[in-house]
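Participant: Structure below; questions to follow.
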Amino acid sequence: MDGLQVGSALQPALHLPFLPRHLYRAASSGERRLNFWRSKELCLNYIQDALLQKQWKRAAEFLTSYVESLEKDFSTEYMGPSEIIWRIGTEILCNHSPSNIREFNSFIEQMKTLGVKRYLKVCLEHAFHLLCNGRIDEAYQNLSLAESWRFGERTVVQDKEMKLIQAYRGLLDYYSWSNQKNILLEYEKDGFEDLSVEQEMHSCFRKAAVNLKEIIKIPGVWDLFVKPYVDLLEFYGDHQEAREVLTDYAYNSKFPANPNAHVYLYQFLKRHGAPKKSLISALKILHDIVPSHELMIDFNTMLQKSKKRKRRRLGLEVIFAVLDYAGWKKNVKAWSCLARQVKQIVISEKHLDWIKQEWNSRKDWWPAFHFSRYLAKSNWQENESLSYEKALVAGVLLGKDCKYFKYVSHHGCKAQVKKFRTLKKFVNKHSTAYLSISGL
């Protein structure tokens with residue numbers, strides 16, 4: 001791997017296999033340039049093939065040849081190749097087991113000199129690699145050095161990259177703050193005080209807060225930075241500022257649609273005892289973006305408990321939508337929510353049209369997706385509670401002759417489980433609900 005560098009101390013040139021013979025014979029200047037371009041392209045193809053097959057040593061050898069070939073290239077188009085060397089070299093060094101952190105650091109330092117426009121990007125990648133290897137102090141030092149870097153006037157892109165550098169440094173300041181906080185809390189638990197720890201903690205807070213606050217002003221997806229910043233604000237009791245940050249992150253039209261933004265806002269509001277209206281508002285938007293989100297169970301529960309008919313109707317829509325997704329097929333909570341609401345509607349004999357409206361768009365595919373005989377057998381063997389909840393729903397939606405309902409109720413009664421006998425009686429008693437829902 002020592003040959004993987006830009007400079008004069010390179011490994012002996014490798015003769016690329018299977019290159020056409022005409023690339024090595026004497027040729028005119030124009031032909032040489034064309035052949036040279038072709039050989040570089042072939043070399044890149046070999047590198048790509050080696051990378052895809054995870055042949056890191058072979059890829060490194062071809063990259064060495066590629067670097068050597070560039071020394072013979074007198075063209076001015078150097079931006080592309082330097083980016084290629086950086087990207088491929090980083091991939092190889094991250095995956096080639098004999099490589100060590102010293103080799104990676106050496107390679108990255110050389111890459112930083114290849115192009116001013118990519119300096120900050122390379123610095124960021126260097127910091128990521130150090131963090132992945134547990135070298136937090138080194139990563140922090142590298143980010144600090146990158147932050148102090150100056151070379152002429154910064155472009156708009158470089159300005160954004162500098163904000164990222166600062167934000168990641170702020171994230172590491174938050175990490176230090178969090179460690180100091182835990183130490184302080186342990187001391188307080190034991191009845192001790194340590195002023196130096198407290199001072200260090202406040203110092204980390206100030207540095208982290210400044211940089212984290214700056215990045216989240218720029219439209220983007222900043223989950224990694226928003227959560228720590230809100231944590232800092234909450235710890236020091238600035239709940240109003242924390243709420244404003246999360247509200248802006250969730251509702252600002254300049255920011256891309258981000259389901260996590262609504263999750264963070266909902267979790268914050270719930271922690272601080274916000275009214276149901278605010279909680280429902282946050283989860284309604286989350287439902288519109290990600291109808292299969294795990295918080296939809298909480299959303300459905302809240303809506304079912306509401307006295308407002310409109311909210312209960314939405315609750316039914318929410319739980320039906322959740323069960324449209326394969327990841328929820330065996331979720332007992334989800335089926336329990338649907339079974340409970342369906343049962344309430346059937347007993348009251350009110351709002352059967354709600355069920356009918358939801359079922360109309362699903363009656364062609366839910367029977368095979370959820371209520372086949374195979375699934376009845378599988379669910380019964382794996383989870384009795386799941387099969388019970390599903391059987392109730394199946395009996396109401398598809399009637400007492402539904403394969404799923406017949407299989408589960410039969411085996412439940414055979415096993416002398418009381419709730420299955422009750423289930424069978426319920427479905428038989430309310431068979432008119434099936435007729436109403438199915439439109440028969």
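The values are calculated or read from the model by the stated rules, or taken from the named source; none is laboratory data. Quick caveat: nothing in here was measured; it's all calculated off a predicted structure. Glycine gets a Cβ as well: all are built from the backbone with ideal geometry, and neighbour counts include every protein chain shown. Heavy atoms of the whole protein, side chains included, go into the accessibility calculation; ligands, DNA and RNA do not. Shrake-Rupley method; radii C 1.70, N 1.55, O 1.52, S 1.80 Å.
Participant: Could you check segment 191-200 and list, in sequence order, the residues that are part of a helix (DSSP H, G or I) and open to solvent by 60 Å² or more (accessible area, probe 1.4 Å)? Working first, answer last.
Facilitator: Applying the first criterion (part of a helix (DSSP H, G or I)) to segment 191-200 yields 195-200.
Of everything in segment 191-200, those that are part of a helix (DSSP H, G or I) and open to solvent by 60 Å² or more (accessible area, probe 1.4 Å) turn out to be L195, S196, E198, Q199, E200.
Participant: Going by the structure shown, is Q341 open to solvent by 50 Å² or more (accessible area, probe 1.4 Å) and either among the hydrophobic types (A, V, I, L, M, F, W, C) or more than 23 Å from V263 (Cα to Cα) (or both)? Please lay out each step first, then the result.
Facilitator: Details: open to solvent by 50 Å² or more (accessible area, probe 1.4 Å): no; either among the hydrophobic types (A, V, I, L, M, F, W, C) or more than 23 Å from V263 (Cα to Cα) (or both): yes.
Answer is no for this residue.
Participant: Check whether at least one residue in segment 363-372 is assigned to a helix (DSSP H, G or I), over 20 Å from S306 (Cα atoms) and open to solvent by less than 20 Å² (accessible area, probe 1.4 Å), and report yes or no. Please lay out each step first, then the result.
Facilitator: Just the residues of segment 363-372 that are assigned to a helix (DSSP H, G or I), to begin with: 366-370.
Keeping just the survivors that are over 20 Å from S306 (Cα atoms) gives 366-370.
In the following step, the residues that additionally are open to solvent by less than 20 Å² (accessible area, probe 1.4 Å) were identified as 366, 370.
Taking every residue of segment 363-372 in turn, at least one turns out to be assigned to a helix (DSSP H, G or I), over 20 Å from S306 (Cα atoms) and open to solvent by less than 20 Å² (accessible area, probe 1.4 Å).
Participant: Of all residues in segment 294-322 being farther than 13 Å from L338 by Cβ and open to solvent by less than 40 Å² (accessible area, probe 1.4 Å), which is farthest from the chain's Cα centre (by Cα)?
Facilitator: S306
Participant: Here is a follow-up. Scanning for something farther than 21 Å from L397 by Cα and either part of a loop (DSSP other than H, G, I, E, B) or of a type outside the set (D, E, K, R) (or both), does segment 311-325 turn up at least one residue?
Facilitator: Filtering segment 311-325 down to residues farther than 21 Å from L397 by Cα leaves 311.
Now restrict to residues that are either part of a loop (DSSP other than H, G, I, E, B) or of a type outside the set (D, E, K, R) (or both): none.
There is no residue in segment 311-325 that is farther than 21 Å from L397 by Cα and either part of a loop (DSSP other than H, G, I, E, B) or of a type outside the set (D, E, K, R) (or both).
Participant: In segment 113-190, which helices (runs of 4 or more DSSP H) lie fully inside it and hold 2 or more residues that are basic (K, R) and closer than 21 Å to K217 by Cβ? Even if it seems obvious, please write down each step before you answer.
Facilitator: Numbers: elements: 119-132, 136-147, 156-189.
Here the list reads 156-189.
Participant: Here's a follow-up. Looking for something of a type in the set (K, R), touching a residue at least 12 places away in the same chain (Cβ under 8 Å), within 25 Å of S348 (Cβ to Cβ) and out of contact with any strand residue (DSSP E or B) (no Cβ under 6 Å at 6 or more places or on another chain) - is there at least one such residue anywhere in segment 324-335?
Facilitator: So far as segment 324-335 goes, yes, one or more of its residues are of a type in the set (K, R), touching a residue at least 12 places away in the same chain (Cβ under 8 Å), within 25 Å of S348 (Cβ to Cβ) and out of contact with any strand residue (DSSP E or B) (no Cβ under 6 Å at 6 or more places or on another chain).
Participant: Continuing with this model, one more query. In contact (Cβ under 8 Å) with a residue 24 or more places away in the chain and surrounded by fewer than 19 Cβ atoms within 10 Å (Cβ to Cβ): which single residue out of D159, D137, D173, D223 fits that description?
Facilitator: Numbers: D159 fails: in contact (Cβ under 8 Å) with a residue 24 or more places away in the chain; D137 fails: in contact (Cβ under 8 Å) with a residue 24 or more places away in the chain; D173 fails: surrounded by fewer than 19 Cβ atoms within 10 Å (Cβ to Cβ).
Among D159, D137, D173, D223, only D223 is in contact (Cβ under 8 Å) with a residue 24 or more places away in the chain and surrounded by fewer than 19 Cβ atoms within 10 Å (Cβ to Cβ).
Participant: While we're here: Against the definition (of a type outside the set (S, T, N, Q), modelled with pLDDT of 75 or more and either closer than 28 Å to L131 by Cα or open to solvent by less than 50 Å² (accessible area, probe 1.4 Å) (or both)), how does K57 come out, yes or no? Write out each step before concluding.
Facilitator: Working: of a type outside the set (S, T, N, Q): yes; modelled with pLDDT of 75 or more: yes; either closer than 28 Å to L131 by Cα or open to solvent by less than 50 Å² (accessible area, probe 1.4 Å) (or both): yes.
Yes, satisfied.
Conditions tested, residue by residue: (1) under 36 Å from the mean Cα position of the chain (by Cα); (2) at pLDDT 70 or above; (3) closer than 20 Å to F107 by Cα.
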{"site": "L44", "(1), (2), (3)": "yes, yes, yes"}
{"site": "L52", "(1), (2), (3)": "yes, yes, no"}
{"site": "E61", "(1), (2), (3)": "yes, yes, yes"}
{"site": "S65", "(1), (2), (3)": "no, yes, yes"}
{"site": "K72", "(1), (2), (3)": "no, no, no"}
{"site": "G80", "(1), (2), (3)": "yes, no, yes"}
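Participant: Return the only residue of G399, G412 being more than 40 Å from the chain's Cα centre (by Cα), more than 23 Å from K330 (Cβ to Cβ) and surrounded by 13 or more Cβ atoms within 10 Å (Cβ to Cβ).
Facilitator: So the residue among G399, G412 that is more than 40 Å from the chain's Cα centre (by Cα), more than 23 Å from K330 (Cβ to Cβ) and surrounded by 13 or more Cβ atoms within 10 Å (Cβ to Cβ) is G399.
Participant: Quick check: is even one residue across segment 350-357 assigned to a helix (DSSP H, G or I), closer than 17 Å to N300 by Cβ and touching a Lys or Arg at 6+ places or on another chain (Cβ under 7 Å)? Explain how you work it out, then say what you get.
Facilitator: So in segment 350-357, the residues assigned to a helix (DSSP H, G or I) come out as 352-357.
After this cut, where a residue has to be closer than 17 Å to N300 by Cβ as well, the list is 354-355, 357.
Now narrow it down to the ones that are touching a Lys or Arg at 6+ places or on another chain (Cβ under 7 Å): 354.
Yes.
Participant: Check A146, A167 and return the single one that is among the small types (G, A, S), at pLDDT 85 or above, open to solvent by less than 40 Å² (accessible area, probe 1.4 Å) and more than 27 Å from the chain's Cα centre (by Cα). I'd like the intermediate steps shown before the answer.
Facilitator: On the way: A167 fails: more than 27 Å from the chain's Cα centre (by Cα).
When all the criteria are applied, what remains is A146.
Participant: Sort out which residues of segment 259-268 are open to solvent by less than 20 Å² (accessible area, probe 1.4 Å) and in contact (Cβ under 8 Å) with a residue 24 or more places away in the chain, and write them in order of number.
Facilitator: Our first condition is that a residue be open to solvent by less than 20 Å² (accessible area, probe 1.4 Å); within segment 259-268, this holds for 261-263, 265-266, 268.
A261, H262, V263, Y266, F268 - these are the residues of segment 259-268 that are open to solvent by less than 20 Å² (accessible area, probe 1.4 Å) and in contact (Cβ under 8 Å) with a residue 24 or more places away in the chain.
Participant: What single numbered condition from (1) over 20 Å from D173 (Cα atoms); (2) among the small types (G, A, S); (3) at pLDDT 80 or above fails to hold for S99?
Facilitator: Condition not satisfied by S99: (3).
Participant: Take the residues in segment 113-131 that are of a type in the set (A, V, I, L, M) and at pLDDT 80 or above, then tell me which one is nearest to S148 (Cα to Cα).
Facilitator: Narrowing segment 113-131 to residues of a type in the set (A, V, I, L, M): 114, 116, 120, 122, 124, 127, 130-131.
Those still in the list that are at pLDDT 80 or above too: 120, 122, 124, 127, 130-131.
Working: L120: 11, V122: 15, L124: 14, A127: 15, L130: 19, L131: 20 Å.
My answer is L120.
Participant: Something else about it: Restricting to helices (runs of 4 or more DSSP H) lying wholly in segment 201-306: which have 1 or more residues that are out of contact with any Gly (no Cβ under 9 Å at 6 or more places or on another chain) and closer than 25 Å to E147 by Cβ?
Facilitator: Numbers: elements: 223-235, 239-251, 259-271, 276-289, 296-305.
The qualifying helices (runs of 4 or more DSSP H) are 223-235, 239-251.
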